[in-house]
Amino acid sequence: ALAAPAAFWIGSGGIEPTGWWLWILAWMQSISSIMYAFLRLRQRALKEMPSVEEKWSMGRPALLTSGLFLVVTLASGAIGWLPTFLWLAFLIQFSEAVWGILNPAVRMKPTAIGFRQLAVSTIFTFAFILLW
């Protein structure tokens with residue numbers, strides 16, 4: 001996905017702002033996904049279920065990252081820079097971050113964490129394509 005600008009520009013025959021948007025949006029989703037994966041792996045190392053305060057404290061970076069990107073796509077769609085409902089694709093990762101904070105991955109296997117994130121990223125990709 002991070003090669004999207006080049007593919008777009010080759011297909012369209014010139015450099016257009018849409019290619020840059022595709023590149024930025026791909027990075028935004030990648031960053032959100034990585035921040036969330038780090039959260040889940042940190043949770044995995046916990047010996048017991050954390051307190052509510054600790055859950056939100058651990059999850060703050062993933063939540064802020066995915067929340068920021070959700071707001072950016074919502075605002076960019078509202079002013080016409082992006083498709084109006086593209087923010088719904090970013091709502092998927094934000095929702096997963098909230099779910100992951102509320103349901104810590106205490107003692108969960110890394111493969112289970114990875115497969116779940118792969119599923120979330122796949123759903124994001126299909127939603128992105130449909131909403132674009």
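The values are calculated or read from the model by the stated rules, or taken from the named source; none is laboratory data. These figures come from a predicted structure and were not determined experimentally. Note: ideal-geometry Cβ built from the backbone for every residue, glycine included; neighbour counts use all protein chains shown. Surface areas here come from the heavy atoms of the whole protein model, side chains and all, with no ligands, DNA or RNA. Shrake-Rupley method; radii C 1.70, N 1.55, O 1.52, S 1.80 Å.
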*Tell me, which residue of segment 39-56 that is assigned to a helix (DSSP H, G or I), surrounded by 12 or more Cβ atoms within 10 Å (Cβ to Cβ) and among the hydrophobic types (A, V, I, L, M, F, W, C) is nearest to the chain's Cα centre (by Cα)?*
LEU39
*Of all residues in segment 73-94, which are closer than 16 Å to LEU130 by Cα and out of contact with any helix residue (DSSP H, G or I) (no Cβ under 7 Å at 6 or more places or on another chain)?*
none
*Sort through ALA62, ALA89 and tell me the only one that's aliphatic (A, V, I, L, M), open to solvent by less than 50 Å² (accessible area, probe 1.4 Å), more than 15 Å from ARG40 (Cβ to Cβ) and part of a helix (DSSP H, G or I).*
ALA89
*Could you list, in sequence order, the residues of segment 99-113 that are open to solvent by 40 Å² or more (accessible area, probe 1.4 Å) and either under 18 Å from THR65 (Cα atoms) or not hydroxyl-bearing (Ser, Thr, Tyr) (or both)?*
TRP99, LEU102, ASN103, ARG107, MET108, LYS109, PRO110, ALA112
*Quick one: GLY80 ticks every box in (1) modelled with pLDDT under 95; (2) assigned to a loop (DSSP other than H, G, I, E, B) bar one, so which box is it?*
(1)
*For segment 1-35, which residues satisfy the criterion of being part of a loop (DSSP other than H, G, I, E, B) and surrounded by 14 or more Cβ atoms within 10 Å (Cβ to Cβ)?*
ALA1
_Among residues of segment 92-130, those that are aliphatic (A, V, I, L, M) and not in a helix (DSSP H, G or I), counted_ = 3
_For segment 79-118, give me the residue count where each residue is more than 14 Å from the chain's Cα centre (by Cα) and either on the phi > 0 side of the Ramachandran plot or of a type in the set (Phe, Trp, Tyr) (or both)._
5
*Between residues in segment 98-110 that are under 10 Å from PRO50 (Cα atoms) and residues that are open to solvent by 40 Å² or more (accessible area, probe 1.4 Å) and not in a helix (DSSP H, G or I), which pairs lie under 6 Å by C-beta distance while being six or more apart or on different chains?*
VAL106/MET49
*Would you please list the contacts, defined by Cβ atoms under 8 Å and residues six or more apart or on different chains, that run from a residue in segment 43-63 that is over 20 Å from SER33 (Cβ atoms) to a residue that is open to solvent by less than 80 Å² (accessible area, probe 1.4 Å) and of a type outside the set (A, V, I, L, M)?*
LEU46/PRO104; MET49/PRO104; PRO50/GLN43; PRO50/PRO104
*asked:* Could you tell me how many of the residues in segment 25-38 are within 9 Å of the chain's Cα centre (by Cα), within 16 Å of VAL98 (Cβ to Cβ) and not aromatic (Phe, Trp, Tyr)?
replied: 3
